[in-house]
Amino acid sequence: MKKLLMIAYHFPPLAGSSGIQRTLRFVQHLPRHGWQPLVLSTRPEAYERTADDLMREVPEGTVVRRAWALDTARHLSIGGRYLEAMARPDRWISWRYAAVRAGMQLIREHRPDAIWSTYPIATAHVIGATLQRRSGLPWIADFRDPMAQPGYPSDPKTWAAFKRIEATALRQARLCLYTTPSAAQSHRALYPDAAERIRLLENGYDEEAFAAAARQVAPAPTDGGPRVLLHSGIVYPGDRDPSQLIAALRLLHDAGRIRPGSLTVRFRAAVHDDLLRELTQRHGVEAYVELCPAVGYADALAEMMRVDGLLVLQASSCNEQVPAKLYEYLRAGRPILCLSDPAGDTAGVMRDAGIAPMARLDSAPEIAALIERCLDGGGPALLPTAAAVAAASREGRARQLAAWLDAL
């Protein structure tokens, strides 16, 4: 069996990021297609939060090497302040030194056939590029999303560091992978010499994880309780701004379309709970909003499958991105309320899945109308087609990645 050295910051026992699923599911599924993963990650102390629930999903016998690293913001700050140069391109730049040594040791011991590194921790690509130069092995740079974008990162020196890493990968890697069509297309335009090496490999859902979670789903309540709309995951103040969603609840309340006890909008593991509390208090809709802590992955999937609707929040500033959670929403089998720019890739995934009704994230009236449609029995129009669900499995994504690796 061929071997793939996989460099990933996001790996169990990290908790609180849906980005962990991409690497974990490739590790699970690639052996079925002739590729045995070797994982190079970081030690758990580098993570802000850890949980053991996904550790048991790492296949038995998988080689996992954890290199020393520090989080600059937590370990190297004084009074909450630290030198910006010590967190460039990201707070885990210290990982590169031990990881390169550990990576070369893995290469000598296990003789992998290729190297794969994955963003959004830019240091992973720094490690991947260094190991490729030292070993001569073909390197696959998994960007997921674009790195250096207009206005992001906001710090000019960090932006320049991102741009250098990005340009190195586009020049040096044998394949560069993106999760959305627009991201792939924009980088083909920026780097025409690499256009043939840029590929689309979307995120997805794991069928085995959903099958296990389905056993936890309780029967629908019959006590006439509130309808529940769920946003599962982080609510970013800018890129997933919830302000117009909260304003829409006020519009619906004032119009008499909802009343306390008839609707609950639940935010699960939103992180920015203070922002949500301030917004709900400002609009006087505390009775409709529920803030809940993080739960294990299986519990999160089970919750998705039993609520009345699933909320996607994506601002126009992220038109080249698609939340990884959206593919799990597709599999959950519940109505999806997409609050996003119609011109963006998130809306494109929804349309391809057969879901046309949407609302812009910055329009409270459109959001109110979409919620009302869901509550009034329009849920079937918000459900994806069976074909779209089947096409989004992570096993299928792993099969595609393995075919590209074989071609190298």
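Computed from the coordinates by the stated procedures, all read-outs in this text should not be read as laboratory data. Everything quoted here is computed from the prediction, not taken from an experiment. Heads up, the Cβs are rebuilt from the backbone with ideal geometry, glycines too, and the neighbour counts pull from every protein chain shown.
Sorted from longest to shortest, the spans of the Cα atoms of the range 152-265 along the three principal axes equal 61, 37, 21 Å. Rank Ala87, Ala359, Ala114 by mean-square fluctuation in a GNM of the chain with C-alpha springs under 10 angstrom and give only the top-ranked residue. Looking only at Ala87, Ala359, Ala114, the biggest GNM fluctuation is shown by Ala87. Placing unit charges on the Cβ atoms only, positive for Lys and Arg and negative for Asp and Glu, gives the range 1-107 a dipole magnitude near 340 debye about its Cα centre. Taking the fewest neighbouring Cβ atoms within 10 Å as the starting point, the ordered list for Cys318, Cys292 is Cys292, Cys318. Here the simple spin-label model places points 7 Å from the Cα toward Cβ, and for Glu60 and Ala214 these points are separated by 2.5 nm. State the Cα centre-to-centre distance between the range 119-162 and the range 309-354 in whole Å. So the two Cα centres are separated by 26 Å. Loop-located GluC sites (Glu not before Pro) in the range 16-117 (DSSP state not H, G, I, E or B) with no more than 10 neighbouring Cβ atoms inside 10 Å: Glu60. Can you give the angle from 0 to 90° between the axis of helix 156-172 and the longest principal axis of the chain, with both taken from C-alpha atoms, to the nearest 10? The angle comes out at about 60 degrees. Placing one equal scatterer on every Cα of the range 331-377 and applying the Debye formula, the log10 ratio I(q)/I(0) at q = 0.31 Å⁻¹ is -1.20. Only one residue of Ala324, Pro153, Pro380 has its Cα farthest out toward the positive end of the dipole of the chain, where Lys and Arg carry +1 and Asp and Glu -1 on Cβ, and that residue is Pro153. Comparing Pro138, Pro146, Pro192 in a Gaussian network model of the chain (Cα springs below 10 Å), the most mobile by mean-square fluctuation is Pro192. In the calculated pair-distance distribution of the chain, the portion above 28 angstrom amounts to 49 percent of the Cα-Cα pairs. Convex hull volume of the C-alpha atoms in the range 208-391, normalised per residue: 110 Å³. Run lengths n ≥ 4 of DSSP H only: what is the helix-derived mean residue ellipticity at 222 nm for the chain, with -39500 (n - 2.57) per run over all residues, to the nearest 500? It comes out at -11500 deg cm²/dmol, rounded to the nearest 500. Note on the chain: with a GNM built from Cα contacts shorter than 10 Å, the maximum mean-square fluctuation among Pro242, Pro59, Pro112 falls on Pro59.
Panel order for Ser363, Ser232, Ser117, by other beta carbons found within 10 Å of each beta carbon, from fewest to most: Ser363, Ser232, Ser117.
Kirkwood hydrodynamic radius computed over the range 1-132 comes to 15.1 Å, based on all pairs of distinct alpha carbons.
Sort Ile7, Ile115, Ile78, Ile93 by Cβ crowding within 10 Å, fewest neighbours at the top. With the fewest neighbours first, Ile7, Ile115, Ile78, Ile93 line up as Ile78, Ile93, Ile115, Ile7.
Multiplying the residue separation of Asp406 and Asp113 by 0.36 nm and subtracting their alpha-carbon distance yields 104.5 nm.
Rounded to the nearest 20 debye, the dipole size of the chain about its Cα centre is 1380 debye, using +1 on the Cβ of Lys and Arg and -1 on the Cβ of Asp and Glu.
For the chain, the relative contact order works out to 14 percent when only alpha carbon pairs closer than 8 Å and six or more residues apart are counted.
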